[in-house]
């Protein structure tokens, strides 16, 4: 049976790939949302009867409610919600402004939560649905200059793990998607920068040296694997995307276990 997808942030990157691949390779119907409708008008040329374009800024609760209602009015149901809208914030802790910090969480955390809360009554009424929350490999470990971005993705991981258990009894699935670095606008114009302080030049230089040796992934392949995962019989709670994501997450968790073991004797004295 064909699905109805509600996808945020479809003007570029993974969001755009989701819409294009679903319209070109399946009979599914798609609610494509973006802040600027002119950026996604071309979707109509692919499958005009199977796509609905809706203006949506995930920081605007009223727009979210309106978009969800319009989606149901158009296609009658929603089967998959892909919380893709988000962006990166690049800098050191000391460099972030209050406005930058709040905006990062307004989009990457509260925007996701508000979309979930607006669509949850529909999923519960259907006794089915699948939330696909875009995190990052930085949602499991962190490094400069992405501390605040990582913090926002750690938050997504935290509430997603809990909601997976909360909602399972209603036939609702939750998957946290953890991509590595792919050739999207994330490292381009979508990335917001701080005003750099010269005393951190060496830290920035170390990051730039590391990123220069990293293989940047193909977003077409990435989204295909995510769609295949979603359509599988038993989708996972966590889904790293790309071999670097799997390797780096496994390495970070191994180091964490080693640290726990090293300090367990002292820790146990608190019992």
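Run the Debye formula on the Cα coordinates of the range 1-131, all scatterers equal and no solvent, and tell me log10 I(q)/I(0) at q = 0.16, 0.21 1/Å.
Each listed q maps to, in turn, -0.77, -1.21.
Starting from the Cα of residue 243, step 7 Å along the direction of its Cβ; do the same at residue 161; then give the gap between the two resulting points in nm.
With each label placed 7 Å out from Cα toward Cβ, I get 2.8 nm.
From the Cα gyration tensor of the range 126-181, with a ≥ b ≥ c the square roots of its eigenvalues, which class applies: rounded if a/c is under 1.5, or else prolate if a/b is larger than b/c, or else oblate? Mind dumping the intermediate values first?
Numbers: a/c = 4.05, a/b = 2.57, b/c = 1.58.
Verdict is prolate for the range 126-181.
For residue 270 and residue 77 in one chain, what is 0.36 nm times their gap in residues minus the Cα-Cα distance, to one decimal in nm? The partial results should precede the final answer.
Numbers: separation 193, 0.36 × 193 = 69.48 nm, distance 5.20 nm.
So the chain would gain 64.3 nm between residue 270 and residue 77.
With each label point set 7 Å from Cα along the Cα-Cβ vector, what nm distance links residue 212 and residue 66?
Going from the residue 212 label point to the residue 66 one covers 4.8 nm.
If each DSSP helix of 4+ residues adds -39,500 (n - 2.57) and the sum is divided by the residues in the chain, what number results at 222 nm, nearest 500 deg cm²/dmol?
Value at 222 nm, helices only, nearest 500: -15000 deg cm²/dmol.
By its C-alpha gyration tensor, with a ≥ b ≥ c as the square roots of the eigenvalues, how is the range 169-271 shaped: rounded for a/c under 1.5, else prolate for a/b larger than b/c, else oblate?
Oblate is the answer for the range 169-271, as a/c is 1.5 or above yet b/c matches or exceeds a/b.
Roughly how far apart, in whole Å, are the Cα centres of the range 101-158 and the range 180-236?
Cα centres, the range 101-158 to the range 180-236: 17 Å.
Which value in nm describes the separation of the simple spin-label points at residue 36 and residue 98, placed 7 Å from the Cα toward the beta carbon?
In this crude spin-label approximation the distance works out to 3.0 nm.
Taking 0.36 nm per intervening residue step and subtracting the Cα-Cα distance, what contour gain separates residue 259 from residue 142 on full extension? Intermediate values should be presented prior to the final figure.
Working: separation 117, 0.36 × 117 = 42.12 nm, distance 1.62 nm.
Residue separation times 0.36 nm, minus the Cα-Cα distance, leaves 40.5 nm.
List 45, 142 from most exposed to least, where exposure is judged by having the fewest other Cβ atoms within 10 Å.
45, 142
What FRET efficiency comes out for residue 232 versus residue 117 if R0 is 35 angstrom and r is the Cβ-Cβ distance? Round to the nearest 0.05. Intermediate results must be reported in sequence, preceding the final value.
Working: r = 27 Å, r/R0 = 0.76.
Efficiency at R0 = 35 Å is approximately 0.85.
Among 143, 163, which comes first, then next, by fewest other beta-carbon atoms within 10 Å? Kindly include the intermediate steps, with their values, before the conclusion.
On the way: 143 14, 163 17.
If I rank by nearby Cβ atoms, fewest first, I get 143, 163.
Which whole-number percent is the relative contact order of the chain (Cα, under 8 Å, 6+ apart)?
Across the chain, relative contact order equals 18 percent.
FYI, it's all coordinate maths here, none of it is from the lab. Just so it is clear, the model here is predicted, and its values are computed rather than measured. Glycine also receives a Cβ, built like all others from the backbone with ideal geometry; neighbour counts cover every protein chain displayed.
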